[in-house]
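Inspection log for the structure reproduced underneath, given as structure tokens.
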Amino acid sequence: MTYPSPLAQPPHAIPAAPPVATMARPLPVPAKSKGRIVLWLAAAVLLVLCVGLVAYLLTFLGAAASVIAGILALIPLGMVLLAVRAIDRWEPEPRALLFFAVAWGAIAAAVLALAVDLALTLVLGPEGVPGTISAVVQAPIVEEVAKGIGVFLIFAAARRAFDGPVDGVVYGALVGAGFAFTENILYFADSLIVGGVGETAITFFLRGILSPFAHVMFTALIGYGLGLAARAGYSRVAALGPWTAGLVAGIVLHALWNGSAVFADFFGLYVTLQVPLFLLFTLGVVLLRREEARLTRERLGEYASVGWFSPAEVEMLATGAGRSKAIAWARTLPGDRSALMRRFIAEATALAAARQRAISGRDAAASADERVYLERTTAVREQLLAR
């Protein structure tokens with residue numbers, strides 16, 4: 001059997017004809033997921049852990065070092081957030097989930113890693129685990145498991161916002177970015193206390209400039225595995241397989257990254273191995289984005305075949321260049337309707353994603369969501385083209 005692209009996933013149910021919707025006012029909204037209760041409980045736990053983490057930083061690092069290190073850590077975090085935003089622009093994920101992903105990495109994953117380190121110190125004595133083993137074995141396993149739990153929690157509790165590999169990469173990358181933020185505070189503050197400004201500058205260059213995307217790549221592999229599971233319609237239990245595969249890949253890459261600093265010439269391997277890995281990761285993201293565009297064109301094309309969209313609209317909605325031209329055109333309309341055009345693009349993309357979920361058969365609420373987004377898309381188009 002052949003598929004339209006190497007990244008395409010086979011359907012899991014016979015595609016149904018696009019639904020016929022009737023306009024209604026006020027506009028409907030998608031039903032809220034029951035998983036939000038789990039996420040709210042997790043958010044409450046994060047709040048408690050955050051208080052404890054801040055107390056830990058202030059106690060052991062001091063207020064001045066913690067604040068300065070926190071400001072420095074915001075720089076690489078900002079770089080990563082801008083990059084992830086670019087990845088997520090095609091079908092933006094809910095902001096609450098994006099914030100939760102960063103918070104899990106920065107708080108829960110960091111606390112878990114610190115707790116394991118403390119436990120090992122209590123068991124093994126003040127020396128704890130030897131530095132080499134800690135960097136190459138302990139850190140990759142403990143940190144990736146801690147981060148991976150957060151990605152799986154989002155997958156399990158917010159399945160309707162976890163449509164495929166791109167979503168998984170976004171959530172995984174943000175969890176990794178959050179963890180790197182807290183870890184950078186610890187490293188920068190320690191360098192400032194021990195070595196002063198000079199050592200802090202070196203540490204900032206190595207971690208904040210040369211490798212701000214390290215943790216992002218590691219945990220994005222976990223998200224990618226879960227994204228494949230979501231696209232294939234796996235249950236939460238079945239998704240543990242792809243999650244584990246992504247976790248192992250993240251651990252191996254993390255160990256390889258740390259090992260380059262411990263056992264070899266870091267700068268030599270940085271140029272010959274780590275930079276190519278980053279370029280390969282970037283290429284993978286580009287290919288995944290193209291697959292999302294293909295699915296958007298295919299799903300909206302089914303609506304065009306029964307008259308909901310024109311072929312020109314589908315082409316515009318399914319290409320980055322088409323979207324940019326449409327927004328520019330909307331600015332020339334009376335009152336500057338570029339915001340309405342962006343909303344039209346967002347609603348239509350959500351419609352395509354809902355139809356994909358309905359076709360896969362993995363989401364019982366997808367058909368209802370499909371009708372909701374169809375009505376919302378049609379209503380926004382009417383506002384956009386109103387004289």
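The values are calculated or read from the model by the stated rules, or taken from the named source; none is laboratory data. Keep in mind that what you see is a predicted model, and the values were worked out from it rather than measured. Glycine gets a Cβ as well: all are built from the backbone with ideal geometry, and neighbour counts include every protein chain shown.
Screening Leu340 with (1) more than 22 Å from the chain's Cα centre (by Cα); (2) under 20 Å from Gly233 (Cβ atoms); (3) in a helix (DSSP H, G or I) gives one miss only, at (2). Any residue at all in the range 248-259 that's of a type in the set (Val, Ile, Thr), under 19 Å from Arg357 (Cα atoms) and in the same structural domain as Thr203 (by TED's automatic domain parsing)? No, that holds for no residue. Is there any pair linking a residue in the range 340-353 that is without any contact (Cβ under 8 Å) to a residue 40 or more places away in the chain to one that is of a type outside the set (A, V, I, L, M) and in a helix (DSSP H, G or I), with Cβ under 6 Å and at least six apart or on different chains, and which? From the range 340-353, the pairs are Ile345/Arg323; Glu347/Tyr373; Glu347/Arg376; Glu347/Thr377. Restricting the range 121-167 to residues that are farther than 15 Å from His215 by Cβ and acidic (Asp, Glu), the residue that is surrounded by the fewest Cβ atoms within 10 Å (Cβ to Cβ) is Glu127.
Only one entry of Ser260, Ser191, Ser235, Ser211 meets the criterion of being of a type in the set (Ser, Thr, Tyr) and modelled with pLDDT of 95 or more, and that entry is Ser191.
Listed by first and then second residue, the pairs with beta-carbon distance under 8 Å, at least 6 apart or on different chains, first residue in the range 160-178 and over 17 Å from Gly284 (Cβ atoms), second among the hydrophobic types (A, V, I, L, M, F, W, C) and not in a helix (DSSP H, G or I), are Arg160/Ala365. When restricted to residues that are surrounded by 22 or more Cβ atoms within 10 Å (Cβ to Cβ) and free of Cβ contacts under 8 Å to residues at least 60 places away in the same chain, the range 356-365 contains 0.
Of the listed requirements (1) within 27 Å of the chain's Cα centre (by Cα); (2) polar (S, T, N, Q); (3) over 26 Å from Arg85 (Cα atoms), Ser324 misses just one: (3).
Table: residues versus (1) part of a helix (DSSP H, G or I); (2) at pLDDT 95 or above.
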| site | (1), (2) |
| --- | --- |
| Leu7 | no, no |
| Pro10 | no, no |
| Ala16 | no, no |
| Ser33 | no, no |
| Leu39 | yes, no |
| Ala65 | yes, yes |
| Ile71 | yes, yes |
| Ala103 | yes, yes |
